[in-house]
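The values are calculated or read from the model by the stated rules, or taken from the named source; none is laboratory data. Note that the structure is predicted; figures quoted are calculated from it, not measured. Quick reminder, even Gly has a Cβ in these numbers, built from the backbone with ideal geometry, and neighbours come from all protein chains shown. Just so you know, the surface numbers come from the protein's heavy atoms only, side chains and all, with ligands and any DNA or RNA stripped out. Shrake-Rupley method; radii C 1.70, N 1.55, O 1.52, S 1.80 Å.
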Amino acid sequence: MLVPFLTARRRQRLLDTPLNASSAAALEEHVALYKRLPSACKAKLRDIARVLVAEKTWEGCGPMKGKLSDEMKLVIAAQAGVLLLGLGLDPLRDDLYPNMDTVLVYPSAFTSTAPRPVGTIGNLPVMGEGFANLGEAWDHGAGAGPVVLSWADALRGSLDMASGHNVVLHEFAHKLDMLDGSVNGTPLLESREDVEQWKNVMTGSYIALSRSAALGMPTVLSPYGATSPGEFFAVATEAFFQRPHELRASDTPLYETLAHYYKQDPARWEQSAC
Ligand SMILES: [Zn+2]
């Protein structure tokens with residue numbers, strides 16, 4: 001979806017202005033994924049991140065109120081932007097994450113108000129709330145809603161790729177999943193063949209993870225991905241970008257299916273053109 005002409009002109013002015021030194025340093029020092037990218041992809045990611053910082057509403061919450069700096073926003077936005085790099089979006093003209101207007105940032109783990117199943121009575125789920133959480137992607141209807149993040153964990157995942165965990169990639173993968181209005185682990189795909197391929201591969205890998213998780217066997221994917229197909233896509237996205245070599249070696253069809261969707265090959269960034 002294209003943005004209005006005046007928005008595109010405002011973006012042009014923004015991106016014509018060189019990035020200031022502290023923001024450039026924040027990307028180089030705090031976003032491990034950014035450092036790995038070829039220079040053409042770095043330039044595109046900078047543009048995407050700057051647009052996200054400028055156009056989304058960013059709110060520091062709790063003790064973070066009034067303390068959310070432009071550098072912190074940029075570190076989060078750059079990670080979110082990595083998911084968009086290959087999706088054919090023009091940072092000057094395309095709407096970026098059109099189903100998300102607001103990013104809420106807490107200093108660390110926050111108390112979630114989102115109900116989640118805690119058990120069952122008969123066949124009925126029992127919902128609870130008030131859990132500590134590191135990130136959330138809200139769906140207020142038709143897939144639209146804010147992303148909520150713990151800054152400490154957003155930074156940790158950004159610096160430490162080896163852990164495979166990245167709460168920003170996780171929550172923004174949910175937002176991509178929600179673009180079709182539902183969180184079902186299947187984002188918008190280009191063709192019927194892609195949908196068939198996606199269902200076959202994802203179902204197999206999801207069942208394999210569920211079995212491993214039930215047995216307590218460690219895998220490249222976090223066992224949290226066995227919670228639901230929606231969580232599986234978010235967890236697989238984390239591993240795809242954070243531990244691409246390990247994921248490709250352990251589940252090649254899953255890696256290749258994600259590479260086909262994201263149109264990126266993080267195990268061979270040097271071959272990416274963006
Ligand atoms: Zn999730």
Between the Cα axis of helix 167-178 and the main Cα principal axis of the chain, the angle (0 to 90°, nearest 10) is 80 degrees
Using a 1.4 Å probe and ignoring any ligands, DNA or RNA, find the accessible area of Tyr261 and quote it in Å² to the nearest 10. 20 Å²
Which angle from 0 to 90°, rounded to the nearest 10, does the C-alpha axis of helix 5-16 make with the longest principal axis of the chain? 80 degrees
Restricting the count to DSSP beta bridges whose residues both fall in region 5-271, what percent are antiparallel, rounded to a multiple of 5? 55 percent
How large is the helix-only mean residue ellipticity at 222 nm for the chain, computed as the sum of -39500 (n - 2.57) over DSSP H runs with n ≥ 4, divided by its residue count, in deg cm²/dmol to the nearest 500? -15000 deg cm²/dmol
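Could you tally the net charge around Gly181, taking each other residue with its Cβ under 15 Å from the Cβ of Gly181, Lys/Arg +1 and Asp/Glu -1?
After counting each charged neighbour, the total is -2.
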If packing is taken as the average number of other Cβ atoms within 10 Å across a peptide's residues, how do 142-148, 239-245, 22-28 rank, most packed first? 239-245, 142-148, 22-28
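Just reorder Met217, Met1 by solvent-accessible area, largest first, 1.4 Å probe, all chains present.
In descending accessible area the options line up as Met1, Met217.
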Accessible area of Arg36, 1.4 Å probe, to the nearest 10 Å²? 120 Å²
Total lysine pairs whose alpha carbons fall under 23 Å of each other in the chain (8 or more apart, or interchain): 20
Any chance you could give the angle, 0 to 90 degrees and rounded to 10, that helix 21-30 forms with the longest Cα principal axis of the chain? 20 degrees
Compare the peptides 98-105, 70-77, 220-227 by average per-residue count of other Cβ atoms within 10 angstrom and give them in order, highest first. 70-77, 220-227, 98-105
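Based on the alpha carbons, how large is the Rg to Rh ratio for the chain when Rh follows Kirkwood? Could the numbers behind the result be given before it?
Values: Rg = 18.3 Å, Rh = 19.2 Å.
We get a ratio of 0.95 for the chain.
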Between region 1-52 and region 131-209, the Cα center-to-center distance that results, in Å: 23 Å
Using a 1.4 angstrom probe on the protein heavy atoms only, line up Trp151, Trp269, Trp138 by accessible area, largest first. Trp138, Trp151, Trp269
How would you order 165-174, 57-66 from highest to lowest mean count of nearby Cβ atoms within 10 Å? 165-174, 57-66
